[in-house]
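The values are calculated or read from the model by the stated rules, or taken from the named source; none is laboratory data. Values in this document were obtained by computation on a predicted structure and should not be read as measured data. Cβ atoms come from the backbone with ideal geometry, glycine included; neighbour counts cover every protein chain shown. To get the accessible areas, we keep the full protein, side chains included, count just its heavy atoms, and leave off ligands, DNA and RNA. Shrake-Rupley method; radii C 1.70, N 1.55, O 1.52, S 1.80 Å.
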Amino acid sequence: MAPWVLLALAPVAAGAMFGFASYYGDHMVLQKEPAGAVVWGYGEPGAAVTVVLSGAGGLVMKKMARVKGPSGMWTTILDPMDQGGPYALTAGQGSENVTLRDVYFGDVWLCSGQSNMAMTVLQVANASQELAAATHYPYVRIFAAAPARSDMELDDLERINLPWSIPTAENLGHGNFTYFSAICWLLGRYLYEALRYPLGLVEAAWGGTPIEAWSSPRALRACGLLGDVESISPQRQLSGPQTPSVLWNAMIHPLLNMTLRGVAWYQGEANAFLHTDQYNCTFPALIADWRQAFHIGSFGQTELLLPFGFVQLSTYRQQSPADSFARLRWHQTADLGVVPNARMPRTFMAVAMDLGDEHSPYGSIHPRDKQNVAHRLQLGARAVAYGEKNVIFQGPYPTRAVLEVTRGLLNITYSQELIWRRRDTRAFEVCCSNPPSPCRWLPAPVVAVESRRVTLALAGCGGLVLALRYAWAEWPCDYQSCILYNSWGLPAPPFLLDTLATGETPGRSQTARGREMLLIPGSRFSRGI
């Protein structure tokens, strides 16, 4: 069958057919050791199923399973396998046998989100070169679920856009926003270049969809949302389904038995229009819920703290006074600025606010530079998921600020060496008024950038500095031209910080050079700014 043909999978009645579940197939990658790959399918209730893995040297292992009624499902867990292949995987029930060929063991990553995740390799910058290079990576295998929604949790996928395939220019660039995901492909390709063993990439994405549609009712209830139709007011800006849990039900729940190595997520633009200030709860809740669900669904084979990487929002409109994108970026970190953090352990983030694309033919909300996004994601994956100690995966972040009242200066100390790429009078802003009064944000021009220190001028704010923010805009900077980067070319992420703890008196903390401001996560100033 040609790989671009949509596969329609009719619901399987108990005993109606024998075989593997929808997302098993020739050319697939199963999760390697130390986890065991879960294998499941359908059969006659009560029947015994034999699962055999064989390689070039013959039998590798044999497993037995029993078909349960009334679901008609059988499940087994393979012994942990080292990387490599090819293998044949056969399931047998009585006289019936189904064999999958060219099966490899490696790491399996799930890629999900909305349209920036769904953009195909055909749509990215230098697409022709990327597509031509596909044949050099035959051990990075790809699979794409078709967009689907359901009002109830499904056991199996209803439709598949791309069965497990060896990458080609055709199946990596099948139209716009269809398959295969450019970010997912590039992440897998870059990881393969670092790891040198097979990667399996599973895409489940749908453009114009809010996080609520990807969240289970459990996750929504954890944030005080009912998880029903009435909990979301339809937004005309969004093109995809918005009903709570319908994508969780149809596109994620069917995959829960899959043993995974990690998740990559690119979503949030929809929530810049919908429930923006709940994202600091809904996103950590989704991560925690997916982790628990995949852990349970794989019988403990997918680790409980499954590595979870995501892309912080890029840009939208230049010169826009709106700040919903800025607020959403902040909420993507659970209002803590950087990850991993206490609310989001074992996560990693690719900052993308400096990768704007005003002239993208797909609209400025869809930048074409997905290579830098995937590069930043794979750095985080290598550091967080694979434990590489010397990989720098995030940009510099402030650790301390000292206010020199007499000179009207604010000295900010950063965690890394700084590269000052561009002078911008509005990148840093300070708040000079107390809530509940509206925050009066004033630009704080950069006076100097030293090794790890930025000095800001505070003309007009005097000694009353209650909050500090950086890159707080819908379009914070032009392409690769933010003010601050580190030596590895990674941008300093945006932040919003209170500079004075609640109840603290302005003169309490003194240093030899001035008053030290306490840098804590912004809370008083994070909404309605």
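Stretched out straight at 0.36 nm per residue, the stretch from residue 481 to residue 218 would grow longer than its current Cα-Cα span by 90.6 nm.
Within the accessible area of the chain, what % is carbon and sulfur when the probe is 1.4 Å and the other protein chains stay in place?
Roughly 52 percent of what the probe reaches on the chain is carbon or sulfur.
Toward the positive end of the charge dipole of the chain, with +1 on the Cβ of Lys and Arg and -1 on the Cβ of Asp and Glu, the farthest Cα among 190, 133, 165 is that of 190. Look at the alpha carbon pairs under 8 Å that are at least 6 residues apart: their mean separation over the length of the chain gives a relative contact order of 12 percent.
For the pair residue 317 and residue 488, label points projected 7 Å from Cα toward Cβ lie 3.6 nm apart. Accessible surface ranking for 18, 495, 1.4 angstrom probe, highest first: 18, 495. Accessible surface computed residue by residue for the stretch 309-388, with neighbouring protein chains in place and a 1.4 Å probe, gives 30 Å² per residue.
Loop-located chymotrypsin sites (Phe, Trp or Tyr not before Pro) in the stretch 141-231 (DSSP state not H, G, I, E or B) with no more than 11 neighbouring Cβ atoms inside 10 Å do not occur.
Which of the trypsin sites (Lys or Arg not before Pro) across the stretch 361-390 are loop residues per DSSP, with 10 or fewer other Cβ within 10 Å? List each step's numbers first, then the result.
Numbers: sites: 368, 370, 376, 382, 389; in loops: 368, 389.
Answer in residue order: 389.
Sequentially through the stretch 367-380, phi angles give Karplus couplings (6.51, -1.76, 1.60; θ = phi - 60°) of x, 8, 7, 9, 5, 5, 4, 5, 4, 5, 5, 5, 4, x Hz, Gly and Pro residues having no value and appearing as x.
Maximal additional length on extending the residue 33-residue 405 stretch stands at 128.1 nm, based on 0.36 nm per residue less the C-alpha distance.
By a straight-distance test (C-alpha under 27 Å), which lysines pair with residue 370 as possible cross-link partners, with residues fewer than eight away in the same chain excluded? Within the straight-line limit of under 27 Å, residue 370 reaches these lysines: 389. Cβ-Cβ distance of residue 96 and residue 60, R₀ of 22 Å, FRET efficiency by 1/(1 + (r/R0)^6): the value works out to about 0.55. For the stretch 130-191, the solvent-accessible area with a 1.4 angstrom probe is 35 square angstrom per residue. Once R0 is set to 51 Å, what does the formula 1/(1 + (r/R0)^6) return for the Cβ-Cβ distance between residue 50 and residue 273, expressed as a FRET efficiency to the nearest 0.05? My answer for the efficiency is 0.45. For the stretch 108-159, GluC sites (Glu not before Pro) are listed when DSSP marks them as loop and at most 16 other Cβ atoms sit within 10 Å of their Cβ; the list is 153.
With both labels modelled 7 Å from their Cα along Cα-to-Cβ, the residue 170 to residue 391 distance reads 3.4 nm. Working note: 222 nm ellipticity from helices only, DSSP H runs with n ≥ 4, each -39,500 (n - 2.57), summed and divided by the residues of the chain, gives -4000 deg cm²/dmol to the nearest 500. Summarising the label geometry, the points placed 7 Å from Cα in the beta-carbon direction at residue 452 and residue 68 lie 5.3 nm from one another.
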